[in-house]
Structures are given as structure tokens and as C-alpha cells.
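Everything below concerns the one structure shown next.
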Amino acid sequence: LANFGTFLTTFLRRLAEKKSLIENELLEGRPMGSLLSFSASGADSHLHGQCAMRIEAQGGVFFYKPRDSRIDQLYTQIVERFCPEVTRAPRVMCGEGFGFIECMHIAPVQSREEIAQYYHHFGALTALFRFLGTSDMHYENILACGAYPTAIDMETLLTPSADPYRGCEISSVDEMN
């Protein structure tokens, strides 16, 4: 409980310090206004009582991540540079060891063509994640935003993993399976 109290104090201080940047970078220039609510997604014991927070203010909704968020910023740069036609990335405002991140909104597909586009884009996004060694991309971390699958929680974007086939001679797909 003491750790969570310290975390909450730190969160509120950072929110006040970064208010104008949040308004400019995440809320598209809208004033934050009063806080309407903030909720924790659950305290992670490995983060000593810290947790991600969903902040709802009069000006909009965004998230606080009590971890280095430069990896989220890197992902945004990768998407903007290499595949803006495939996916969207949340805007990120980084601080020293923490970040505020745009809330992405789920949007339904509007037609059969959009459904086909979504799955085409999903395949490309999956290939990107495979190439980067990304892990933890389960159903809660990929949102359907119309025809665009949108990944969130990018802390595992670059996760080195052992190649289970390195050093093994494989003669067929059946053997690999």
C-alpha cells in the first residue's frame, strides 16, 4: 500500500508537469480540463505497486505508463516510416522512465471490403512483429480500428528469442511441425 501511495503521488506530479505537452501531443490541442476519472489496470508486483493508468479528462482519454516508453515511440516511428497504410500507432509523450500514450478507439469495419483490408493489414502487421521478435501480442493488445489492426502495449516490441531450429537439420515442413 505504501508503494502504491508513492506511485500515485509520482503519477499526479508527472501529470501536472506534463499537462501542456499532453494537451498538445495527445489531445490535439484541446485543454485537458478537469480530471473525470482515472483507473488502474492492476498493480504489477514486479513494478513495486506501479501500474498503468487510464486517465479520462474533459479534453479526452489517454494512458499513463510507469515505464520507459521510448519503445512505444520507436514503434510509432517504424509505423510512420515503413507501414502507415497498414496500421496506426498511438501517439506517445515520453518522460524520464515513464510515458503518456494516446487512447486508441475501437471502430467497427463498415463493409466486406474493409474486412478483407483488415485481415490483409493484420497479416502484414504479424509479419512485422515476427521480424522484430515481438512477443505478447495477444487479443487484448491488438485493437480493431476499422480496417486497421492497432497494436498497444509495445514493451515487448524487441524481444530476443532463441531460434528453436538453430543447429538442427530439418528435411521437411512435417519434421519442423
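The values are calculated or read from the model by the stated rules, or taken from the named source; none is laboratory data. Model, not experiment: these values are computed from the prediction. All Cβ positions, glycine included, derive from the backbone under ideal geometry; neighbour counts span all protein chains shown. Heavy atoms of the whole protein, side chains included, go into the accessibility calculation; ligands, DNA and RNA do not. Shrake-Rupley method; radii C 1.70, N 1.55, O 1.52, S 1.80 Å.
Can you compute the modelled spin-label distance between Leu74 and Tyr139, with each label point 7 Å from Cα toward Cβ, in nm?
The two pseudo-label positions are separated by 3.0 nm.
How large, in percent, is the carbon and sulfur part of the accessible surface of the stretch 16-153 at a probe radius of 1.4 Å?
Roughly 54 percent of what the probe reaches on the stretch 16-153 is carbon or sulfur.
If Rh is defined by the Kirkwood formula over all Cα pairs and Rg also comes from Cα, what ratio Rg/Rh do you get for the stretch 24-141?
Taking Rg over the Kirkwood Rh, I get 0.99.
Multiply the residue separation of Glu17 and Arg81 by 0.36 nm, subtract the distance between their alpha-carbon atoms, and state the gained length in nm to one decimal.
20.0 nm
Between Ala2 and His105, what length comes free when the chain is fully extended (0.36 nm per residue of separation minus the Cα-Cα distance, one decimal in nm)?
Length difference between fully extended and current span is 33.7 nm.
Multiply the residue separation of Ser34 and Glu114 by 0.36 nm, subtract the distance between their alpha-carbon atoms, and state the gained length in nm to one decimal.
Taking 0.36 nm per residue and subtracting the Cα distance, the gain is 25.1 nm.
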